[in-house]
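Asker: Just dropping this structure here.
No value in this document is a laboratory result; all are computed from the given coordinates. On a predicted model such as this, the values are computed, not experimentally measured, just so you know. Please note: Cβ atoms are built from the backbone with ideal geometry, for glycine as well, and neighbour counts cover all protein chains shown.
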Amino acid sequence: MDWQLFGLSFITVFMAEIGDKSQLVAIALSGTSRSPGAVFFGTVAALILASFLGAIAGGEVAQFLPARFLKAMAAIGFVLIALRLLWPNSDLVSRQDAKAQREEKNFFTT
């Protein structure tokens, strides 16, 4: 086993999961249940399965596509996500602003 790759994978996934939606769901589920152990083992099993599927899919895709191309596609994907987060859809923002104005108007008229 390549222990350096193991450590790099562990640290990368651990840092990516801190504050992630899955962690927030685990907090919510364990806070509303009487069995936080079941929530722990359920979330661990789900993360293991998702990671396993990702590793298998990545290994299969890497056989057909060059690593340089895969890295470029991942980089482009992250850039597109970042741009989307920095410049939200103006239609969505306009609808949210209109809704907020209606709610404010309703608040003051009641």
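Asker: Filter the trypsin sites (Lys or Arg not before Pro) in region 1-81 to those in DSSP coil with at most 15 other Cβ atoms within 10 Å of their Cβ, and list the result.
Answerer: Values: sites: Lys21, Arg34, Arg68, Lys71; in loops: Arg34.
Sites meeting the loop and neighbour criteria: Arg34.
Asker: Output wanted: per-residue J couplings in Hz (rounded whole) for region 54-63, from phi through Karplus 6.51 cos²θ - 1.76 cosθ + 1.60, θ = phi - 60°, x for Gly and Pro.
Answerer: For region 54-63, the Karplus curve yields x, 5, 5, 4, x, x, 5, 5, 5, 6 Hz.
Asker: Taking the Cα-to-Cβ direction at Ile76 and at Phe52 and moving 7 Å from each Cα, how far apart do the two end points lie in nm?
Answerer: It works out to 3.3 nm between the two label points.
Asker: May I ask you to list the residues of region 13-53 whose amide nitrogen lies under 20 Å from a point 7 Å from Cα along the Cα→beta-carbon direction of Trp3?
Answerer: Answer for region 13-53: 13-14.
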